[in-house]
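Where a number appears in this text, it was derived from the coordinates with a stated rule and is not lab data. It should be emphasised that the depicted structure is a prediction, and the values quoted were computed from it without experimental measurement.
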Amino acid sequence: MKRVYLLSVIIVVLLFSCTDRDDEVNLVNIRIHNNTELFFSEVRIADKDTVYENIAADEFSTYMEFETAFANPAIAILTDSTSLNYFPTDVLSDSLPIGFYTYEISLDVDNQVDLTFRIDD
């Protein structure tokens with residue numbers, strides 16, 4: 001009987017202690033995916049003057065929180081050998097809703113920066 005009671009208590013504790021990452025989200029959370037072969041020493045979101053640092057090739061940064069953010073921002077990137085810039089052709093005026101997002105940065109055949117906006121699960 002003690003085993004059943006103990007097992008029941010453990011299950012209840014485990015069920016109530018688990019939280020989803022978006023249970024306590026109050027801001028827009030954005031990370032960078034470096035989808036290139038370059039090491040990004042710095043990625044700067046221009047309109048926020050926010051800097052993500054040290055993102056290895058094909059790796060993700062940590063999430064950073066923003067009160068407001070847009071799906072297509074201007075971005076400046078510093079690598080070991082060069083600097084790259086991305087300027088959006090479309091300017092969106094509505095801020096993103098609270099949630100988790102990724103800016104995926106890649107390079108096209110002409111080494112021009114391409115930004116893909118993704119909504120994270």
Practice problem: Normalise the Debye intensity by I(0) for the chain, one equal point scatterer per Cα, no solvent, then take log10 at q = 0.21 Å⁻¹ and round to two decimals. | Solution: -1.18
Quiz item: Where does the chain land at 222 nm, in deg cm²/dmol rounded to the nearest 500, when only DSSP H runs of n ≥ 4 count, each adding -39500 (n - 2.57), divided by all residues?
Solution: -4500 deg cm²/dmol
Self-check item: Relative contact order (%) - the range 27-119, alpha-carbon pairs under 8 angstrom, separation at least six
Solution: 33
Practice problem: Go ahead and set up a Gaussian network model of the chain, Cα springs under 10 Å, then flag whichever of V51, V91, V12 fluctuates most. | Solution: V12
Quiz item: Where the centre of each part is set by its Cα atoms, how far does the range 43-59 sit from the range 87-109, in angstrom?
Solution: 13
Quiz prompt | Cα long-axis angle, helix 2-17 against the chain (0 to 90 degrees, to the nearest 10) | solution = 30
Quiz item: Which residue, V109, V43, V25, tops the fluctuation ranking in a GNM of the chain built on C-alpha contacts under 10 Å?
Solution: V109
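Per 0.36 nm of contour for each residue apart, how much would the distance between T62 and I119 grow if the chain were fully extended, relative to their Cα-Cα spacing?
Numbers: separation 57, 0.36 × 57 = 20.52 nm, distance 1.51 nm.
Gain on extension, T62 to I119, equals 19.0 nm.
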